[in-house]
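Beneath this line is the structure, given in structure tokens, with notes to follow.
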Amino acid sequence: MKFNIVGIGEVLWDLLPSGMKLGGAPANFACHAHALGAQACVVTRVGNDELGVDIYKRLEAQGIGCGTVQLDPVAATGMVTVTLSESGIPQYIIHENAAWDRLAVTPAAVSAIIKADAVCFGSLAQRSEPARTTIQHLVANAPVGTLRVFDINLRQKYYTQEIIDQSLRLANVLKLNDGELPVLADQFGLTGTSRDMIQTLARRFELDVVALTRGPEGSLLYQNGQWSDCPSVPIKVVDTVGAGDSFTAALVLGLLRKMPLDEINYFADEVARFVCASAGATPPLPKQFSERLAKQPAAQAKLPSQVVPVNAAI
């Protein structure tokens, strides 16, 4: 069975030290979801320029439908300048007034949302109007039962407490990392351990699932009172760009297949580790990942017997 997966928000060019790479968290998410066996598209907007045309071609080459990619007659295609630390952790300079800031509600976008099994959105593409209203309108109109995933993806100054609050109220799944949890703790008065704060968020905003990625400490999942704590295994990190988006894609497909929580957690961590060990946000994923989702009954999957921390941030 192929699930319909929709990423909503920014698509752009990451200007990496190694050259230009297709990026933007919702687009990365859609590409990884497709590579894991889903039918995926991204509701986004590009400029009427050479870089926009190239995005169409790149998305099509990765199997992503472009019927929901809007063409803006005025604004340029989005770009982000990315520098990497010695440990491969990215730093971003996000160019403003991009085409995706002008994202609109269109018949193609509405049609994609109506058919979606899961939609994923973040905070960055909500930095300005009309994109903010468009994204919230589309997510709010997803069918009952759709996974509405808020992959918070905090970037620099491009978020407010109001945007986060509104997004959490629209979502039923939250994905964040250990650098973002303290921000939410400060904004919403969360106290206690990470688990305490996650439970408070889940209760306050009626979230079914919360996923916390913790770099060297692995990942922590919460689902309706149940926990899964997954350490990681050592790898040589090339860069972490797109690793969190791959984790979210694997998480979503695991949830849609109703896999056990531990199995979802270990699988998503494994996919993210592969991306960390590769260059760019959307390296080709080994077929074994999609085959495992498609063919292996969840109840029979085996978890690693031994795990140790990984020196990578997701």
### Contacts under 7 angstrom Cβ, first residue in region 142-162 being within 18 Å of residue 112 (Cα to Cα) and in contact (Cβ under 8 Å) with a residue 40 or more places away in the chain, partner surrounded by fewer than 21 Cβ atoms within 10 Å (Cβ to Cβ) and not hydrophobic (A, V, I, L, M, F, W, C), 6 or more apart
147/172
#### Entry: Tally, over region 114-160, of residues that are among the acidic types (Asp, Glu) and buried (at least 23 other Cβ atoms within 10 Å of the Cβ)
1
### Message
What's the number of the only condition in (1) more than 23 Å from residue 92 (Cβ to Cβ); (2) touching a Pro at 6+ places or on another chain (Cβ under 9 Å); (3) of a type outside the set (Val, Ile, Thr) that residue 125 fails to meet?
### Response
(1)
### Query
Since residue 183 meets every condition but one in (1) surrounded by fewer than 18 Cβ atoms within 10 Å (Cβ to Cβ); (2) modelled with pLDDT under 95, which condition does it not meet?
(2)
#### Entry: Sole exception among (1) assigned to a loop (DSSP other than H, G, I, E, B); (2) closer than 28 Å to residue 148 by Cβ; (3) modelled with pLDDT of 95 or more for residue 74, by number
(2)
### Query
Restricting region 93-104 to residues that are surrounded by 16 or more Cβ atoms within 10 Å (Cβ to Cβ) and not in a helix (DSSP H, G or I), which is modelled with the lowest pLDDT?
94
#### Entry: Pairs, first farther than 22 Å from residue 195 by Cα and surrounded by fewer than 22 Cβ atoms within 10 Å (Cβ to Cβ) in region 216-240, second at pLDDT below 95 and aromatic (Phe, Trp, Tyr), C-beta under 9 Å, six or more apart
235/274
### Query
Would region 92-99 turn up any residue that is of a type in the set (Val, Ile, Thr) and without any contact (Cβ under 8 Å) to a residue 12 or more places away in the chain?
no
### Message
Could you check region 55-91 and list, in sequence order, the residues that are among the charged types (D, E, K, R) and touching a residue at least 24 places away in the same chain (Cβ under 8 Å)?
### Response
58, 72
### Task
Being touching a Leu at 6+ places or on another chain (Cβ under 7 Å), over 21 Å from residue 34 (Cβ atoms) and assigned to a helix (DSSP H, G or I) is the filter here, so list the residues in region 111-134 that pass it.
131, 134
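The values are calculated or read from the model by the stated rules, or taken from the named source; none is laboratory data. Keep in mind it's a predicted model, so treat the numbers as computed, not measured. Backbone-built Cβ (ideal geometry, glycine too); neighbour counts: all protein chains shown.
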